[in-house]
1. Which of the residues spanning region 42-61 are in contact with a Ser or Thr (Cβ under 9 Å, 6 or more places away or on another chain) and surrounded by 13 or more Cβ atoms within 10 Å (Cβ to Cβ)?
2. Restricting attention to region 77-116, and to residues there that are open to solvent by less than 80 Å² (accessible area, probe 1.4 Å) and hydroxyl-bearing (S, T, Y), which single residue is farthest from I40 (Cα to Cα)?
3. Which residue pairs have Cβ atoms under 7 Å apart, sit 6 or more places apart or on different chains, and have a first residue in region 82-98 that is under 14 Å from G72 (Cα atoms) and a second that is among the aliphatic types (A, V, I, L, M) and part of a helix (DSSP H, G or I)?
Amino acid sequence: MPTPVVGLEDSIVPETEFRALGQSFLMIIVSEVGDKTFLIAAILAMRHDRLIVFAGAFGSLVVMSILSAAAGHLLPTLIPKQWTQFAAAVLFLVFGSKMLMEGREMKAGNEKIQEEIKEVEEELEEVDAHLDGTGGRTEDGQAIPLEAMEAGVTKPKARATPSRPTSPPNNEQISPPR
């Protein structure tokens with residue numbers, strides 16, 4: 001039987017629940033820092049109102065947490081405990097090996113991070129251009145970012161290019177006055 005810990009005046013919470021709360025908090029913090037969602041929220045906060053970006057990111061995290069907690073509660077009641085533990089072990093092995101393979105193929109340090117940030121920025125620019133009507137469109141409907149239009153590029157570049165992203169030329173005739 002877990003030893004109770006006196007929390008508030010009238011409530012007694014088992015020590016194991018505090019431990020589970022701490023473990024889940026720390027595991028999620030460690031796994032989310034540097035994740036693609038982390039980068040998206042950071043870039044969106046640079047472009048839009050921080051409070052609105054925080055509310056959207058927080059809301060999506062709440063929804064995902066509720067879904068995962070519900071799945072963690074319901075699955076053991078629907079499927080025998082041994083099967084859920086086996087399935088969890090298999091999933092950890094599959095995702096762990098996938099991460100190891102991606103880690104081996106990953107480019108060195110800063111270059112890969114810059115490439116991911118550039119990819120996220122391009123995705124956000126496409127969404128912004130679509131929503132507010134800025135930017136251009138190619139024949140197949142792909143959005144052309146404003147920076148590319150300023151540089152004279154009329155076709156969006158392919159996403160899966162192994163080379164480093166290039167910045168627009170620093171030509172004063174092409175660049176708008178500041």
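The values are calculated or read from the model by the stated rules, or taken from the named source; none is laboratory data. For clarity, every value in this text was computed on a predicted model and none was experimentally measured. Backbone-built Cβ (ideal geometry, glycine too); neighbour counts: all protein chains shown. For the accessible areas, the whole protein counts, side chains as well, though only heavy atoms, and no ligand, DNA or RNA atoms are used. Shrake-Rupley method; radii C 1.70, N 1.55, O 1.52, S 1.80 Å.
1. A57, L61
2. The selected residue is T84.
3. T84/L75
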